[in-house]
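The values are calculated or read from the model by the stated rules, or taken from the named source; none is laboratory data. Worth saying up front: this structure is predicted, and the values here are computed from it rather than measured. Virtual Cβ from ideal backbone geometry, glycine too; neighbours counted across all protein chains shown.
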Amino acid sequence: MPDPLAIEVAGVTVDFTGMRALDGVSLAVPTAGCFGIVGESGSGKSTLLRTILGLQGPTRGEVRIEGVLQPHRRDFRAQARLVQPIFQDPALSLSPRRRVGQSLDEVGEALGEPRDALRARLGGVFERLGLQMPVLDRYPHQISGGQARRVAIARALLFQPRVLIADEPTAGLDVSVQGDLLNLLQEIRAATGVTLLIVSHNLAVIRLIADRVAVMQGGHIVEEGDSRSVFDAPRSDYTRTLIASWPRGQPVEATG
Amino acid sequence: MTDSPPIALQGLSVDFLSAGEPPARALRDVSLTIPPRSIVGLVGESGSGKSTVAMAMMGLLAPNARVGAGRIDVGARRIDCTDGAALAGLRGRDFAMVFQDPSASLNPTFTIGAHLHEVLRTRSPGATRAERQERAIEALRTVGIDRPDARMRNHPHELSGGMRQRVVIAMALLARPRLLIADEPTTALDVTVEAQVMAEIVALRDQIGCSILLITHSLGLVARYCDHVSVIYAGEVLEYGPVAEVVRAPAHPYSADIFACDIEIDAPRAPAAADQRFRIIPGNLPSLRDLPAACIYAPRCRKAVPACMAGHPALLPLTDEPERETRCILAR
Amino acid sequence: MRGFAGRIWRERGGRTGVLLVALVLFIALILPFATPDPNKIDVPARFLPPSLHHPLGTDNLGRDLLARVTVGTRSALWIACVVIALSMAGGLALGVIAALSGRLVDRLVTGFCDIVSAFPSYILVFSLVALYGAGLGKLVVAIALAFLPQFARITRSQALTLRHRPFIESARLMGLPATTIIRRHVLPNIVGPVIVLASMNIPSVITTEAAMSFIGLGVQPPQTSLGTLIRDGYVFLDQSWWPIIGAVAVLAIATLGCTLLGEALRDVVDPKLRREP
């Protein structure tokens with residue numbers, strides 16, 4: 001029997017009142033790679049992300065993560081070790097009224113792991129992410145945006161999930177710092193073998209970081225395939241339009 | 001028209017005051033030259049002060065801002081940037097603005113038509129209501145809004161973000177300013193809509209012959225649409241020049257570094273996506289409350305030499321390319 | 001907390017509110033130690049005008065009115081606190097359940113709230129007491145029920161906006177139990193507006209209780225509340241006018257003070273609520 005897929009989306013339709021957000025979407029995300037989902041606002045990419053995470057129940061269809069049926073809005077406990085999110089603004093994914101250390105200790109609570117054991121593992125994760133222990137005593141508003149992003153990632157990594165799902169990870173980041181986050185995701189991927197699913201409107205980033213890509217429009221996947229073939233020889237007109245609309249200047253000479 | 005002098009901003013300095021702290025020196029000696037009918041990009045990252053430049057030129061700074069110095073040359077006039085009343089005289093007549101969020105320019109309780117009529121009442125006081133209506137509909141048609149007569153009766157919330165931004169551009173079209181300041185006009189929009197809205201902004205320039213100051217963080221937009229570019233960092237212009245030359249051979253290491261960090265749609269890629277690594281600029285922005293008497297970028301600069309720390313460099317022309325300016329002492 | 005109290009003190013009306021509420025608390029809690037037995041009947045001394053011995057005079061049975069006003073104030077405040085605590089607890093529970101359960105439960109809860117608040121609160125309390133009989137316990141439950149929908153509504157709307165906040169969704173995806181998420185992440189982020197609502201509602205509760213006691217459906221003699229005092233004074237208004245003054249004055253001071261304090265609290269806790277009625 002072949003390895004199960006990291007994520008399998010089978011015929012998922014999501015209806016909101018008066019509107020169909022996803023229309024029979026099927027998707028197979030292989031293990032241990034980086035899979036990119038691109039699309040513009042209203043394409044359904046956010047709804048698909050929420051459906052995969054189980055925050056949104058499908059009207060029809062089903063989602064499997066590592067072969068396990070996604071129970072959708074029930075029993076996140078079993079699922080927490082399989083999949084963890086990295087939300088668009090990680091600072092907002094930390095409770096504003098709790099210290100960073102308290103937020104991270106909740107991982108031990110969720111996993112039923114003693115606090116000391118968790119804190120021991122935390123040391124390793126913090127080292128990998130370049131975080132300092134004093135951060136634990138701060139509130140989210142007292143640390144920088146970059147630190148908050150790393151804390152949110154650290155919390156996800158403490159679950160040692162099989163799949164990490166990042167929602168618009170570079171949105172709102174300056175070009176001088178977005179590379180830092182992308183390099184971090186690449187290191188995590190290499191070190192842990194986690195499957196990375198990135199949902200983004202940033203075609204240029206997805207083109208470089210993803211092995212496979214799905215392009216969404218109007219609740220459908222209009223094109224899916226190997227990143228190189230999708231970007232170099234797009235089959236769908238919409239993908240071609242998207243790529244052609246991306247502002248591009250003249251090639252920059254490598255400096256330094 | 002072709003021989004009219006450029007719009008020039010000279011020596012703009014802005015501090016932000018807050019109780020109990022030294023002032024944040026948000027802009028220091030910022031100068032921009034915007035030739036007639038050209039599009040000048042003002043490119044910088046968050047915290048660079050690029051939006052503060054726009055707000056200062058429009059006279060719309062926050063109450064805790066203090067303009068220390070600066071003047072704007074418009075045609076034969078010279079406006080003192082510390083004179084709020086004089087700046088208000090430019091606003092809506094000589095200068096118009098497109099914000100990132102079109103809602104900032106549109107009153108949710110008024111129809112689209114009411115907004116356009118309002119512009120025409122100030123710009124063409126003699127026109128009759130029927131004439132104004134005709135010109136307003138024509139303006140909406142020009143910026144690519146279909147069924148413009150029906151849209152006149154809509155309220156802003158009934159339109160998509162891209163449509164609202166087009167309405168703001170139509171208002172600028174009717175105001176016929178000498179300079180349109182566009183502050184991140186497409187940042188909230190999808191790329192396909194971005195291309196359309198940028199095309200409308202360029203068409204506006206062609207139709208009314210105004211100049212455009214495009215304030216953006218997107219190097220792709222600058223390279224694609226601008227004639228000149230000004231690179232701003234931590235409140236200082238570090239480099240100015242024709243876009244093609246600046247992109248081809250940056251005369252300041254900061255320009256070179258952000259161009260290298262920018263991820264383009266046709267960037268070279270590693271054989272396997274897993275091996276791809278991304279460029280960054282190490283370090284942080286300097287504190288605007290405690291500035292060293294040195295090159296502002298030196299602490300993060302790969303090419304810095306001891307001379308960079310010796311004094312604060314001025315923005316000076318390159319010896320062999322006098323139309324380009326840089327603050328880097330190594331480039332001269 | 002010092003900064004918090006300081007901000008209330010500086011808020012417009014906040015200082016007056018604090019002083020008036022402090023005066024009412026003084027009347028209810030400290031003054032009883034200095035006044036004679038409120039139930040001591042001295043018929044020959046009935047309808048005495050205010051004097052040094054009886055600062056507010058005496059009533060139709062010669063009882064000291066200042067003493068009776070202090071116990072009346074105390075029971076009015078006590079009833080108000082119990083009522084507010086009950087409606088706040090019930091409203092928080094219903095609001096959170098409505099916001100975080102399925103659509104059916106949400107419809108049931110909001111429907112219940114709509115029905116309850118469709119009746120003017122006086123009419124609702126009046127009907128309930130008429131239906132189930134007068135008495136302090138029933139009155140407290142009836143008023144608490146009348147004020148509950150406001151608490152349920154504000155809790156529900158706050159919880160609904162919180163529900164999709166990333167830190168709540170993160171907590172869910174971590175597999176934390178729903179009770180933990182509600183107790184640790186939801187409630188602390190909604191109590192602010194709820195407490196403001198509670199403080200703004202105290203004056204209405206006090207007047208509702210007084211009104212019901214006034215018409216004889218609330219606190220029953222020999223127990224005393226501001227409402228029964230005003231009724232007793234009203235009955236004998238043609239013989240002397242001062243018995244009614246003390247209770248009415250305290251009622252006015254208490255409602256004004258609580259309203260000013262509640263508004264100051266609201267403006268400090270959540271300036272965005274300021275414009276809403």
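Remark: pairs (first residue in segment B:91-111, within 26 Å of B:ARG78 (Cβ to Cβ); second residue surrounded by fewer than 19 Cβ atoms within 10 Å (Cβ to Cβ) and modelled with pLDDT under 90; Cβ separation under 7 Å; 6+ apart in sequence or on different chains) = B:GLY92/B:THR122.
Is there a residue in segment B:260-274 that is more than 14 Å from B:GLU45 (Cβ to Cβ) and touching a Cys at 6+ places or on another chain (Cβ under 8 Å)? Within segment B:260-274, one or more residues are more than 14 Å from B:GLU45 (Cβ to Cβ) and touching a Cys at 6+ places or on another chain (Cβ under 8 Å). Hand me the list of strands (runs of 3 or more DSSP E) wholly inside segment A:148-256 holding 1 or more residues that are within 12 Å of another protein chain (Cβ to nearest Cβ) and acidic (Asp, Glu). It comes to A:163-167, A:220-226. Might you let me know whether segment A:32-51 holds any residue that is away from chain C (no Cβ under 14 Å), free of Cβ contacts under 8 Å to residues at least 40 places away in the same chain and either surrounded by fewer than 17 Cβ atoms within 10 Å (Cβ to Cβ) or not in a strand (DSSP E or B) (or both)? Within segment A:32-51, none of the residues are away from chain C (no Cβ under 14 Å), free of Cβ contacts under 8 Å to residues at least 40 places away in the same chain and either surrounded by fewer than 17 Cβ atoms within 10 Å (Cβ to Cβ) or not in a strand (DSSP E or B) (or both). When the residues of segment A:78-95 are narrowed to those that are among the small types (Gly, Ala, Ser) and in contact with a Gly (Cβ under 8 Å, 6 or more places away or on another chain), which ends up farthest from A:GLY108 (Cα to Cα)? Top of the filtered list is A:ALA91.
If the condition is being within 14 Å of chain C (Cβ to nearest Cβ) and of a type in the set (D, E, K, R), then segment A:95-138 contributes A:ARG97, A:ARG98, A:ARG99, A:ASP105, A:GLU106, A:GLU109, A:GLU113. A single member of B:ARG289, B:ARG248, B:ARG269 is in contact with a Lys or Arg (Cβ under 9 Å, 6 or more places away or on another chain), within 12 Å of chain A (Cβ to nearest Cβ) and of a type in the set (D, E, K, R), and it is B:ARG269. The residue of segment C:130-177 that is farthest from the other protein chains (Cβ to nearest Cβ), among those that are among the charged types (D, E, K, R) and part of a helix (DSSP H, G or I), is C:LYS138. Scoring B:ALA88 on the criteria (1) crowded, with 16+ Cβ neighbours inside 10 Å; (2) closer than 22 Å to B:ASP15 by Cα; (3) among the hydrophobic types (A, V, I, L, M, F, W, C); (4) in contact (Cβ under 8 Å) with a residue 12 or more places away in the chain leaves a single failure, condition (1).
Go through the residues of segment B:309-326 one by one and say whether even a single one is assigned to a loop (DSSP other than H, G, I, E, B), of a type in the set (Val, Ile, Thr), more than 14 Å from chain A (Cβ to nearest Cβ) and surrounded by fewer than 22 Cβ atoms within 10 Å (Cβ to Cβ). Looking for residues that are assigned to a loop (DSSP other than H, G, I, E, B), of a type in the set (Val, Ile, Thr), more than 14 Å from chain A (Cβ to nearest Cβ) and surrounded by fewer than 22 Cβ atoms within 10 Å (Cβ to Cβ), one finds at least one in segment B:309-326, hence yes.
Could you go through segment B:218-228 and let me know if any residue there is in contact (Cβ under 8 Å) with a residue 40 or more places away in the chain, over 26 Å from A:TYR238 (Cβ atoms) and at the interface with chain A (Cβ under 9 Å from one of its Cβ atoms). Within segment B:218-228, one or more residues are in contact (Cβ under 8 Å) with a residue 40 or more places away in the chain, over 26 Å from A:TYR238 (Cβ atoms) and at the interface with chain A (Cβ under 9 Å from one of its Cβ atoms). Quick check, is C:SER127 within 14 Å of another protein chain (Cβ to nearest Cβ), part of a helix (DSSP H, G or I) and without any contact (Cβ under 8 Å) to a residue 12 or more places away in the chain? The answer is no for C:SER127. Just one of the listed residues (B:GLY49, B:GLY20, B:GLY59, B:GLY44) is small (Gly, Ala, Ser) and without any contact (Cβ under 8 Å) to a residue 12 or more places away in the chain, namely B:GLY20. Being within 30 Å of A:GLU187 (Cα to Cα), modelled with pLDDT of 95 or more and either loosely packed, with under 15 Cβ neighbours inside 10 Å or not charged (D, E, K, R) (or both) holds for only one residue in B:SER218, B:SER230, B:SER255, and it is B:SER255.
Residues considered: C:GLY135, C:GLY102, C:GLY91, C:GLY111. Of these, the only one that is surrounded by fewer than 20 Cβ atoms within 10 Å (Cβ to Cβ), of a type in the set (Gly, Ala, Ser) and under 29 Å from A:PRO96 (Cβ atoms) is C:GLY102. Selection of segment B:180-215 for residues being in contact with a Phe, Trp or Tyr (Cβ under 7 Å, 6 or more places away or on another chain), surrounded by fewer than 24 Cβ atoms within 10 Å (Cβ to Cβ) and in contact (Cβ under 8 Å) with a residue 12 or more places away in the chain yields B:ASP183, B:MET198, B:VAL202. Among strands (runs of 3 or more DSSP E) entirely within segment B:21-104, having at least 1 residues that are touching a His at 6+ places or on another chain (Cβ under 6 Å) singles out B:39-43. Scan the helices (runs of 4 or more DSSP H) fully inside segment C:1-116 and keep the ones with 3 or more residues being farther than 21 Å from C:LEU260 by Cβ. The qualifying helices (runs of 4 or more DSSP H) are C:65-100. In segment B:233-252, the residue that is surrounded by the fewest Cβ atoms within 10 Å (Cβ to Cβ) out of those that are in a loop (DSSP other than H, G, I, E, B) and in contact (Cβ under 8 Å) with a residue 24 or more places away in the chain is B:ALA234.
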